[in-house]
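The values are calculated or read from the model by the stated rules, or taken from the named source; none is laboratory data. These numbers were taken from a predicted model, which means no experiment stands behind them. Here Cβ is always computed from backbone atoms with ideal geometry, including for glycine, and neighbour counts include all displayed protein chains. Surface accessibility is based on the protein's heavy atoms, side chains included, excluding ligands, DNA and RNA. Shrake-Rupley method; radii C 1.70, N 1.55, O 1.52, S 1.80 Å.
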Amino acid sequence: MTTLVIAEHSNLTLRASTLNTIAAALQLGEPVSVLVAGYGADMAAQEASLVVGVHQVLHADAPHYAEQLAEEMAVLIQKLATDFTTLIAPATVFGRNLLPRVAALLDIAPITDILAIESNDTFVRPIYAGNALAKVQTLETKKVLSVRPTSFEATAAQGGNASVVKIEACAAVRLSQFKSRDLASSDRPELAGARVVISGGRGLQSGENFQMLEALADKLGAAIGASRAAVDAGYVPNDYQVGQTGKIVAPELYIAVGISGAVQHLAGMKDSKVIVAINKDPDAPIFQVADYGLVADLFQAIPELTAAL
Amino acid sequence: MKVVVALKRVIDYNVKIRVKTDGTGVETANVKMSMNPFDEIALEEAVRLKEAGIVSEVIAVTLGTQACQDVLRTALAVGADRVVLIETDVELQPLAVATCLKAFVQKEQPRLVLLGKQAIDDDANQTGQMLAALLGWAQATNAFKLEIAGDHATVTREIDGGLETLEASLPVIVTADLRLNTPRYATLPNIMKAKKKTIESLLPADLGVDPSPRLKTLLVSDPPVRKPGIVVNSVTELVEKLRNEARVI
Ligand SMILES: Cc1cc2nc3c(=O)[nH]c(=O)nc-3n(C[C@H](O)[C@H](O)[C@H](O)COP(=O)(O)OP(=O)(O)OC[C@H]3O[C@@H](n4cnc5c(N)ncnc54)[C@H](O)[C@@H]3O)c2cc1C
Ligand SMILES: Nc1ncnc2c1ncn2[C@@H]1O[C@H](COP(=O)(O)O)[C@@H](O)[C@H]1O
């Protein structure tokens, strides 16, 4: 009975989601191995070996793992699966893309986006944009799982001392080719892991007006997010979107500015510790989840708030 | 070339869902049902490829009960050439759907299958990836842009932190994200015409598939409610509360 965590990494470093996933894996109570499949990923593998609780790191290194394409990774994991009873990945875009492919190769029904582990075979996951919770039991011979990172507190990145075992790569399948990646660079903290998130909605009216939120974010060391309406209107890039189909965040403080609070938006932020809503419409549904609501014109309230900090 | 589009009938995204008091699921009686929003986008993409002369036939398929015929009628009205109901009343889980779709795809031999990235009821985000695995095809999930030229598909995907572009030779599975396109509305004349068209029908058994669920849902419950918050009267009061009460700044 052993668990394999599929690490999300950039070859150089582990992504934060990997630490949350290892934490969830440790809750299952079996020895935890971590797979780092990449290209020139020695640093990431080394980093994984230091994570508290990790028993061993399996490191596969080959050019066709450089971008961690699902087709290549799935074949490798399918092969490794014989030695493990549980396979577990983060429910990030990376894990969502990969894990079901692995599950289908193994003919196993996966359970994705787990919020809580009830027992060895029973898990809680959100359905209907988090408006209901389903407790699901698997009786499959193996468990193939993905976990929502914000629901599991990260295990310590340092203090462990696992062995790193080099494993052989599988032959490349080359079904798809990586062409390019266009990542928004920002000095701000990553949206998914930030302590404070300030999100703007359609009420901001333009991309320029997001600069007001930037000024506030500078003061609070915050990441900036947005509603779908703000993204669709082109105010900010796609990856700012918080919600059912965007990022799931659960910061200490979430400030929603000019956002009405559609269920699809709430799905991405309602587990935040403290929620502040600033909206000029007192009936906006966002106030139903807000700990502190301010009914005000954001064009006055935001500069005033920035000045007060 | 042919394209298959998989459509799921779900509770309309505007409906505020209610969890059944006995914990067995979500109330669906007398609730408005619609095509899954991501599947509308997948269908629109298929119809646009046909209009661009790249695709010759758009086949829409749904798995579910007789009631799912309504989404297939909508698909016809929007531009699907043929529609197929794979009829079953068992609780459908993504692996069963993917297994049925695999057999259907092998029968129809499309070069492209379009699905939604996720169904907004189970929020599973699994079926497309599983179908790709079962067929041994390339997959491009969360598509933001799709281009087909000759035997190749170039797909830009929405990923954490930005966009990524992949290239695959056909056949390929693509799952639609929100910004792939804006779906059209069906016009009244087309809705009328769609009423006269036939809906083909199959059983999972015709495809040699047993769609029984593999996972057991023990309980469906309401999420925990947040404790009610307060309305503050000024920015000054907000700052004071955040500092001294919530202690988050
Ligand atoms: C399948 C599907 C998935 C979706 N996924 C997501 C998702 O992941 N994330 C997401 O956010 N949405 C998602 N949506 C969209 C969602 O349903 C809403 O349409 C969207 O969240 C609305 O964005 P908004 O609140 O910015 O805009 P609106 O609903 O238009 O609200 C704007 C708000 O700004 C306020 N306002 C305007 N001017 C001012 C001012 N001067 N001062 C203060 N307040 C002001 C208004 O009172 C209003 O409440 C999804 C929809 C579908 C169908
Ligand atoms: N019952 C179904 N009938 C047809 N297509 C489906 C069905 N269930 C899921 N799909 C397709 O698979 C996609 C992803 O669904 P899911 O994996 O359940 O989130 C949907 O957007 C549909 O395109």
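Worth a mention:
- Spatial separation of Cα centroids for segment B:86-125 and segment A:55-117, in angstrom: 21 Å
- Under 5 Å between amide hydrogens, built in the peptide plane, is the criterion, and for A:VAL144 it picks out A:LEU87, A:ILE111 among residues at least 5 positions away or on other chains.
- GNM result for chain A, Cα springs below 10 Å: residue of A:GLY29, A:GLY225, A:GLY200 fluctuating most strongly: A:GLY29
- Bins of 20 Å from zero: percent of alpha-carbon pairs in the protein assembly as shown: 21, 55, 23, 1
- Percent RCO, i.e. relative contact order, over chain A, from Cα pairs under 8 Å lying at least 6 residues apart: 15 percent
- Taking the accessible area of chain A, probe 1.4 Å, and keeping the other protein chains in place, the carbon and sulfur fraction comes to 49%.
- Estimated vicinal HN-Hα couplings, Hz - segment A:273-289 in sequence order (Karplus 6.51, -1.76, 1.60; Gly, Pro = x): 5, 10, 10, 10, 10, 10, 8, 7, 9, x, 8, 4, x, 4, 5, 6, 10
- For B:ARG18, nonlocal amide neighbours, meaning residues 5 or more places apart or on other chains whose placed amide H falls under 5 Å from its own, are B:GLU27.
- Here the Karplus relation 6.51 cos²θ - 1.76 cosθ + 1.60, evaluated at θ = phi - 60°, turns the backbone of segment A:166-174 into coupling constants of 6, 10, 6, 6, 7, 4, 5, 8, 6 Hz, with x for every Gly and Pro.
- Here B:SER234 sits with roughly 40 square angstrom of accessible surface, probe radius 1.4 Å.
- Selection from A:ALA89, A:GLN78, A:ALA192 lying farthest towards where the dipole of chain A points positive, charges on Cβ: A:GLN78
- Cβ charges +1 (Lys, Arg) and -1 (Asp, Glu), total dipole of the protein assembly as shown, debye: 840 debye
- Span-rule helices in chain B, defined as complete DSSP H runs reaching 15 Å or more along the axis (Cα) with Kyte mean at least 0.0: B:94-108
- Square roots of five times the Cα gyration tensor eigenvalues for chain A, Å: 37, 21, 17
- ³J(HN,Hα) computed for each position of segment A:207-219 - Karplus, 6.51 cos²θ - 1.76 cosθ + 1.60, integer Hz, glycine/proline x: x, 4, 5, 5, 4, 4, 5, 4, 4, 5, 5, 4, 5
- Given charges at beta-carbon only (K, R positive; D, E negative), |dipole| of segment A:3-167 in Debye: 240 debye
- Antiparallel beta bridges, as assigned by DSSP with both residues in segment A:3-167, represent about 25 percent of the total such bridges.
- Listed pairs A:LYS219/B:LYS241; A:LYS273/B:LYS227; A:LYS247/A:LYS270; A:LYS143/B:LYS16 exceeding 21 Å between Cα atoms: A:LYS143/B:LYS16
- Amide H within-cut-off set for A:GLN177, under 5 Å, with H built and near neighbours excluded: B:GLU167, B:ALA168
- Tilt relative to chain A, helix A:298-308 - C-alpha long axis, 0 to 90 degrees, to 10: 80 degrees
- Mean accessible surface per residue for chain A, computed with a 1.4 Å probe while every protein chain stays in place, in Å²: 38 Å²
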